[in-house]
Amino acid sequence: MEKDTLINIGTCINIEDKQKNEILDTKPLAARITDYLQTEIINNNLKPGEQLKETELAKLFGTSRAPIREAFRMLERNGFVEVVPRKGAFVRRYTTKEIEDIYKVRCALEILALEIALSRLCNEDFIKLEKLISNMAEAMNKGDVKTYFKYNVLFHRNFFHIADNPVLNEIFERLSNPLLGLRLKSLSLPESLKESYMEHINIFNAIRERNVELAKKYLEAHIVRAMKKLKQCVAENCK
């Protein structure tokens, strides 16, 4: 399931450095450009408020401006970019109010996914969640924020995978994916990795005990703390 989840998430958790020639050539050009720019935004190589330059991207991909503009429209629909008439496309800058609104909905969606997942959880699912926790621990001990974040995202995505509700999953990804870059940055705040890991341990232990209410309680507390970290990151303009 871990491999499948990675494929389903696509570029939205591919936080390794990626060059444009590594993007699958089977996709239409505009989709490849979209994938490339999403990855750059998530990696924080493109910062909130930074302008995306059509001319440079057209030269980079050896194309006209038409596929670039189509990619900008796709990124805008996905919540990664804001297109300003007569000015251009800019990496979307989220306000603390927008983050709070998104996280309130995310919390409700993820608690629902967890509740459904726990009613369907089999031993194989549990073993894979346990492996993700182990991978998170290893990355935390190394201080490897990017690798920790990858397994963190997979841990949460697995609730939706197990729940097997495509509508729920689609809404969740549409809300949460544009904030992946901010979430990655927030994990660099002091003590964030350790706090995050301990919260995931609490969630995992409640899942192991099949204690639905306790798992939901720990998950909600984790999401609320993560929201506060994101708001702090935006307020302090984290690098």
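The values are calculated or read from the model by the stated rules, or taken from the named source; none is laboratory data. Since the structure is predicted, the reported quantities are computational estimates derived from the model, not experimental observations. Neighbour counts are summed over all protein chains in view; Cβ atoms, including those assigned to glycine, are modelled from backbone coordinates with ideal geometry.
Worth pointing out:
- Qualifying position, being out of contact with any Phe, Trp or Tyr (no Cβ under 7 Å at 6 or more places or on another chain), more than 24 Å from K27 (Cβ to Cβ) and at pLDDT 95 or above, among A108, A71: A108
- Cβ-Cβ under 8 Å pairs, at least 6 apart or on other chains, the stretch 97-115 side assigned by TED's automatic domain parsing to the domain that holds R157 and under 20 Å from V167 (Cα atoms), far side in a helix (DSSP H, G or I) and charged (D, E, K, R): C107/E220; I111/K216; I111/E220; L114/K216; E115/K216
- Criterion violated by R86 - all others in (1) in a helix (DSSP H, G or I); (2) farther than 15 Å from I33 by Cα; (3) basic (K, R) satisfied: (1)
- Within the stretch 191-208, the only residue that satisfies the criterion of being over 13 Å from L129 (Cβ atoms), of a type in the set (A, V, I, L, M, F, W, C) and surrounded by fewer than 20 Cβ atoms within 10 Å (Cβ to Cβ) is M198.
- Any chance N152 is modelled with pLDDT of 95 or more and closer than 20 Å to K228 by Cα: yes
- Residues of the stretch 140-176 satisfying the condition of being within 29 Å of E98 (Cβ to Cβ) and either free of Cβ contacts under 8 Å to residues at least 40 places away in the same chain or polar (S, T, N, Q) (or both): T147, Y151, N152, N158, N165, P166, V167, N169, E170, S176
- Here the stretch 200-231 is the region considered, the condition is being under 18 Å from the mean Cα position of the chain (by Cα) and without any contact (Cβ under 8 Å) to a residue 60 or more places away in the chain, and the residue that is nearest to Y151 (Cα to Cα) is H222.
- Flag for M136 being over 30 Å from E54 (Cβ atoms), in contact with a His (Cβ under 7 Å, 6 or more places away or on another chain) and crowded, with 18+ Cβ neighbours inside 10 Å: yes
- In the stretch 209-239, of all residues being among the polar types (S, T, N, Q) and not in a helix (DSSP H, G or I), the one that is surrounded by the most Cβ atoms within 10 Å (Cβ to Cβ) corresponds to N211.
- Out of N44, N123, N78, sole residue that is under 16 Å from the mean Cα position of the chain (by Cα), surrounded by fewer than 18 Cβ atoms within 10 Å (Cβ to Cβ) and either in the same structural domain as L175 (by TED's automatic domain parsing) or not acidic (D, E) (or both): N78
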